[in-house]
């Protein structure tokens, strides 16, 4: 029998009438379950590496598991432990938030698909990550989208935390220097940032941030150079957004002026015909 917790009742969802929803079994169920299990196994392997890296960076097993349970965002968690390994946990918070802010945009789409209420709204927000959003978006029907989101989200959450616990326990009994785990957190953080350096502008911003951080390292406490580098990136993004808004305003003004010319020309033609 198909799990009812993965779907919304047609009677409670105003967007879907009883006639629009098929009462039969979900056709895509087997395919969705297979894909969800595949993602969950990947999450377990990724969580294993996170747990080991977190402990190698100085976190306890309990702290690593708290991150996995409460944050549940691989990129943000690796960013946090990567920056925390430099000696300033407070500086790690902005790095994790910057990488996790994209989940907010997923949440808009997911909310439209699920239309969750009450506690399920909190659960949906917590499970809104890259993979669950992609699973939902890949389906055709709303019913399949909802099932795919919950199936992949629950499976990934469970195995991510199982993997994190196994990695943290393993990392706590290994010599991290011998296996190179002490360098794994900064390496993982660099791997997360590398795809963002495809454009020349991004590379220039990164170079400016690095230069500022290197200048500040001998002058300020640990963690402050990282925060200063974040300010450079935010300022560059704000300037780019401001320029885009100005360009859009100029285009709109030009379009309005052209529309006014056409309107005036048509009015003259109508007068001539009279």
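The values are calculated or read from the model by the stated rules, or taken from the named source; none is laboratory data. This is a predicted model, so every value here is computed, not measured. In this analysis, Cβ positions are derived from the backbone assuming ideal geometry, glycine residues included, and neighbour counts consider all displayed protein chains.
Structure data summary
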| item | result |
| --- | --- |
| Residue within segment 173-187 that is surrounded by 14 or more Cβ atoms within 10 Å (Cβ to Cβ), touching a helix residue (DSSP H, G or I) at 6+ places or on another chain (Cβ under 8 Å) and at pLDDT 70 or above present | no |
| Residue 79 under 20 Å from residue 157 (Cα atoms), surrounded by 22 or more Cβ atoms within 10 Å (Cβ to Cβ) and either in contact with a strand residue (DSSP E or B) (Cβ under 6 Å, 6 or more places away or on another chain) or at pLDDT below 85 (or both) | yes |
| Test: residue in segment 117-124 that is assigned by TED's automatic domain parsing to the domain that holds residue 71, outside any loop (DSSP other than H, G, I, E, B) and in contact (Cβ under 8 Å) with a residue 60 or more places away in the chain | no |
| Subset of segment 24-61 (residues that are part of a loop (DSSP other than H, G, I, E, B) and more than 25 Å from residue 148 (Cα to Cα)) | 57, 58, 59, 60 |
| In segment 142-165, residue surrounded by the fewest Cβ atoms within 10 Å (Cβ to Cβ) [restricted to those that are touching a residue at least 40 places away in the same chain (Cβ under 8 Å) and more than 15 Å from residue 37 (Cα to Cα)] | 165 |
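Matching residues to (1) assigned to a helix (DSSP H, G or I); (2) modelled with pLDDT of 80 or more; (3) more than 15 Å from residue 94 (Cβ to Cβ); (4) touching a helix residue (DSSP H, G or I) at 6+ places or on another chain (Cβ under 6 Å):
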position	(1), (2), (3), (4)
209	yes, yes, no, yes
222	no, no, no, no
226	yes, no, no, yes
233	yes, no, no, yes
237	yes, no, no, no
243	yes, no, yes, no
248	yes, no, yes, no
